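Worksheet for the structure shown next.
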Amino acid sequence: MKVAIIATDLDGTFLRDDHQFDHNRFQAQLDKMNAQGKHFVVASGNQLQHCIDVFDGISGELTYVAENGGLVIDNHGNVLAESLIAPALYQELLNYVATEPALAGAEISISGKQGAYIRPQDDSPIMRYYLSRLQIVPSLLTIDDHIYKATFSWQDTDADAHAALINQQFAGRLRATVSGGNGLDVIPPHVNKATGLAYLQQHWHIAASQTAAFGDNGNDLEMLREADYSFAMQNAIAPVKEMATYLTSHDNNHDGVLATIDTLI
């Protein structure tokens, strides 16, 4: 099996539920991948800085497809590709979520080039875990930054129905994708993890037949289609298991990605 790219989602996939992974085991794998000329790609809906923080202490070449594909960057800070939400469209989205009764009560975070933004009422430990360079602002409408993504979540509510509403309202202009649990990300319509991975495949001249990808949730589906070696986690949702070519031998809490990487390198 000649795999040249290994791409993985983070939460529910590469990371255990306690947000940890076996650093020593992965460092040895990354050393081997780098020596073999293979590329390891972190493909996440999360903010770039959070992804970087997850791999703090790991040395070697990593590439990030962050913000659900809105930003592709290497670990030297070289931006390879990015997609932004236009300011007027961003403000229209926030106004729609604020005034649509079915979307009431949303917690909101915004990912920008300079950092992440939340309102005072949305400040919480979980926000502070996922968001780095966090700024608490009185209004999200007046942010002066390049916006990659808006994230909305609701307490004890299925996000699929909310995503459908946003996708209907902003068809062809924005796309909402469920990122896990009760949350969803809103990004430019052409952006997803697959577009980021496809860019890297073209950039490195590597085909889908030499690409492996791992995922567990709805925002991984497009990316998995870009890889001939597509792996659904044991703990993945049903649509991911149905679409992926392979199933990992272990779930995320038992290092399913690391166990499979051992077979790929």
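The values are calculated or read from the model by the stated rules, or taken from the named source; none is laboratory data. Keep in mind the model is a prediction, meaning the values are calculated, not measured. Cβ atoms come from the backbone with ideal geometry, glycine included; neighbour counts cover every protein chain shown. When the accessible area is computed, the model is the full protein with side chains, heavy atoms only, and any ligands, DNA or RNA have been set aside. Shrake-Rupley method; radii C 1.70, N 1.55, O 1.52, S 1.80 Å.
Brief remarks on what is shown
- Those residues of segment 82-118 which are open to solvent by 30 Å² or more (accessible area, probe 1.4 Å) and either touching a Gly at 6+ places or on another chain (Cβ under 9 Å) or among the β-branched types (Val, Ile, Thr) (or both), in sequence order: Glu82, Leu84, Thr99, Glu107
- Selection from segment 1-31 of residues that are out of contact with any Lys or Arg (no Cβ under 8 Å at 6 or more places or on another chain) and among the charged types (D, E, K, R): Lys2, Asp11, Arg16, Asp17, Asp18, Asp22, Arg25, Asp31
- Residue satisfying all of: in segment 239-265; acidic (Asp, Glu) and surrounded by fewer than 17 Cβ atoms within 10 Å (Cβ to Cβ); farthest from Asp220 (Cα to Cα) among these: Asp262
- Sole residue being open to solvent by 70 Å² or more (accessible area, probe 1.4 Å) and assigned to a strand (DSSP E or B), chosen from Gln135, Gln121: Gln135
- Subset of segment 194-215 that is among the hydroxyl-bearing types (Ser, Thr, Tyr) and over 15 Å from the mean Cα position of the chain (by Cα) - its residue that is surrounded by the fewest Cβ atoms within 10 Å (Cβ to Cβ): Ser209
Residue by residue, here is whether (1) among the acidic types (Asp, Glu); (2) in contact (Cβ under 8 Å) with a residue 24 or more places away in the chain holds:
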position	(1), (2)
Asp9	yes, yes
Gln27	no, yes
Ala35	no, no
Asp53	yes, yes
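- Residues that are crowded, with 17+ Cβ neighbours inside 10 Å, in contact (Cβ under 8 Å) with a residue 40 or more places away in the chain and part of a helix (DSSP H, G or I) within segment 165-193 comprise Ile166, Lys193, listed in sequence order.
- A residue that is within 15 Å of the chain's Cα centre (by Cα) and part of a loop (DSSP other than H, G, I, E, B) cannot be found anywhere in segment 154-164.
- Residues satisfying the stated conditions in segment 139-159, i.e. in contact (Cβ under 8 Å) with a residue 24 or more places away in the chain and open to solvent by 80 Å² or more (accessible area, probe 1.4 Å): His146, Gln155, Asp156, Asp158
- Residues being open to solvent by 60 Å² or more (accessible area, probe 1.4 Å), more than 17 Å from the chain's Cα centre (by Cα) and on the phi < 0 side of the Ramachandran plot - total across segment 20-76: 12
- Top-ranked residue of segment 230-255 - restricted to ones that are part of a strand (DSSP E or B) and under 19 Å from the mean Cα position of the chain (by Cα), ranked as farthest from Ala213 (Cα to Cα): Ala232
- For segment 83-138, a residue qualifies if it is touching an Asp or Glu at 6+ places or on another chain (Cβ under 8 Å) and in contact (Cβ under 8 Å) with a residue 60 or more places away in the chain, and the qualifying residues are Ser111, Gly115, Ser132.
- Residue satisfying all of: in segment 216-235; crowded, with 22+ Cβ neighbours inside 10 Å and within 17 Å of Ala159 (Cβ to Cβ); modelled with the lowest pLDDT among these: Asn219
- Every listed requirement among (1) part of a helix (DSSP H, G or I); (2) of a type in the set (S, T, N, Q); (3) touching a Leu at 6+ places or on another chain (Cβ under 7 Å) is met by Gln201 save one, (3).
- Output for segment 86-112, where each listed residue is among the hydroxyl-bearing types (Ser, Thr, Tyr), in a helix (DSSP H, G or I) and in contact with a Phe, Trp or Tyr (Cβ under 9 Å, 6 or more places away or on another chain): Tyr96
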